[in-house]
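A.B. asks: Here it is: the structure, laid out below.
The values are calculated or read from the model by the stated rules, or taken from the named source; none is laboratory data. Source: prediction; values computed, not measured. Using ideal geometry, Cβ is built from the backbone for each residue, glycine included, and neighbour counts are taken over all protein chains shown.
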Amino acid sequence: MKQTINVTSVTKKTSKTGAEFFVVETKEGNMTAWDENIAKSLMASVGKSIMAEIQQNGDFKNIRKVEGAETVEGEINIPSAPVNNNYNKFAGAKVDKTKSILTSYAKDLIIAGKEEKEAVELVKRLMESF
């Protein structure tokens with residue numbers, strides 16, 4: 001669907017899978033663009049009205065093509081949004097949980113009568129087998 005939009009800003013973001021995309025703020029609401037050349041054209045068109053081909057995907061509006069925007073060659077500075085590090089916090093929590101589980105296994109082996117060194121060695125071999 002073609003629609004006239006008035007771009008107010010363009011910000012580069014990274015998805016959870018690591019793919020870069022661009023959030024385009026317009027007077028008609030936020031939209032996304034996944035193509036860097038389209039994002040450059042939109043950045044050069046901030047404050048102007050342009051014609052854009054927009055595809056609705058659920059709650060998201062994706063800009064697929066722009067008409068009447070300046071063609072930009074070379075580099076253009078598109079600001080990046082702050083990175084959300086919550087994803088990395090989960091990885092750290094998983095490591096801590098694994099350490100706790102392995103310590104518990106070693107304690108169980110010691111309670112069952114194994115020597116401490118032997119229990120630790122068994123847990124190490126268990127980890128290597130996965």
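A.B. asks: If a residue must be among the charged types (D, E, K, R), at pLDDT below 90 and under 20 Å from Lys65 (Cβ atoms), how many such residues does the range 13-26 contain? I'd like the intermediate steps shown before the answer.
C.D. replies: Taking the range 13-26 and keeping what is among the charged types (D, E, K, R), we get 13, 16, 20, 25.
From the residues that got through so far, the ones that are at pLDDT below 90 too are 13, 16, 20.
Next, only the ones that are under 20 Å from Lys65 (Cβ atoms) stay: 20.
Within the range 13-26, residues that are among the charged types (D, E, K, R), at pLDDT below 90 and under 20 Å from Lys65 (Cβ atoms) number 1.
A.B. asks: Next question, about the same structure. Taking into account only those residues within the range 17-31 that are in contact (Cβ under 8 Å) with a residue 24 or more places away in the chain and of a type in the set (Val, Ile, Thr), which is surrounded by the fewest Cβ atoms within 10 Å (Cβ to Cβ)?
C.D. replies: Only one residue tops the list, namely Val23.
A.B. asks: Further question: In the range 95-130, how many are outside any helix (DSSP H, G or I), at negative phi and not hydrophobic (A, V, I, L, M, F, W, C)?
C.D. replies: So the count comes out to 2.
A.B. asks: Which ones in the range 32-51 are under 9 Å from Val7 (Cβ atoms) and either touching a residue at least 60 places away in the same chain (Cβ under 8 Å) or crowded, with 22+ Cβ neighbours inside 10 Å (or both)?
C.D. replies: Leu42, Met43
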